[in-house]
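To start, the structure itself, in C-alpha cells.
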Amino acid sequence: QVQLVESGGGLVQSGGSLRLSCAASGIIGTIYLMGWYRQAPGKQRELVATIISGDYINYSDSVKGRFTISRDNAKKTVYLQMNSLKSEDTAVYYCKTSGSGGDSWGQGIQVTVSS
C-alpha cells in the first residue's frame with residue numbers, strides 16, 4: 001500500500017508563491033500518474049494538475065500559466081510550484097497517485113491565500 005505525505009502548504013498573501021511536495025512510500029508498484037487535486041469549502045474536489053509517466057501533463061484552466069507540476073521518479077515525489085496565487089486558490093490540496101496498486105490519496109494540506 002502506498003502512503004503519501006504532503007508538505008509545503010501554509011498561509012501566503014495574494015500574488016505570492018508556495019511549493020507543495022508529496023512523497024510516496026510503502027509498497028510501491030508501478031506509478032503511472034501523480035497529481036494534485038484541491039477542495040475548497042463547500043465545493044467538490046477538483047483536478048489541479050496531473051503528470052502521467054513523466055511525459056503528459058494536464059492542468060486545469062484555472063491554474064494554467066501559474067502552477068507547474070513536476071515529478072522526481074528516483075525520490076518518488078511530485079511537486080506543485082504555485083505562483084501568482086489568488087484568494088480563489090484557497091483550499092485543501094490533495095496528492096494522488098494511480099498505478100498497478102490502484103489509487104492512493106494523501107491526507108491533504110491547507111493552502112490559504114489572503115487578499
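The values are calculated or read from the model by the stated rules, or taken from the named source; none is laboratory data. Predicted model only: the values in this text are computed from it and were never measured. Positions of Cβ are backbone-derived with ideal geometry, glycine not excepted, and every protein chain shown enters the neighbour counts. Heads up: the accessible areas ignore ligands, DNA and RNA and are worked out on the full protein's heavy atoms, side chains in. Shrake-Rupley method; radii C 1.70, N 1.55, O 1.52, S 1.80 Å.
For Gly65, the criteria (1) open to solvent by 50 Å² or more (accessible area, probe 1.4 Å); (2) on the phi < 0 side of the Ramachandran plot hold in every case but one, which is (2).
Of the residues Leu4, Leu11, the single one that is in contact (Cβ under 8 Å) with a residue 24 or more places away in the chain, among the aliphatic types (A, V, I, L, M), in a strand (DSSP E or B) and more than 14 Å from Tyr79 (Cα to Cα) is Leu11. Could you look through the range 33-46, keep only residues that are over 13 Å from Asp103 (Cβ atoms) and among the hydrophobic types (A, V, I, L, M, F, W, C), and pick out the one that is most open to solvent (accessible area, probe 1.4 Å)? Filtering first and then ranking leaves Ala40.
Can Thr68 be described as part of a strand (DSSP E or B), of a type in the set (Ser, Thr, Tyr) and free of Cβ contacts under 8 Å to residues at least 24 places away in the same chain? Yes, satisfied.
Which residue pairs have Cβ atoms under 7 Å apart, sit 6 or more places apart or on different chains, and have a first residue in the range 85-101 that is more than 20 Å from Ile51 (Cβ to Cβ) and a second that is open to solvent by 40 Å² or more (accessible area, probe 1.4 Å) and of a type in the set (Gly, Ala, Ser)? Pairs found: Leu85/Ser14; Leu85/Gly15; Leu85/Ser17; Lys86/Ser14; Ser87/Ser14; Ser87/Ser115. Determine whether the range 16-32 contains at least one residue that is over 16 Å from the mean Cα position of the chain (by Cα), touching a residue at least 12 places away in the same chain (Cβ under 8 Å) and open to solvent by 90 Å² or more (accessible area, probe 1.4 Å). Checking the range 16-32: at least one residue is over 16 Å from the mean Cα position of the chain (by Cα), touching a residue at least 12 places away in the same chain (Cβ under 8 Å) and open to solvent by 90 Å² or more (accessible area, probe 1.4 Å).
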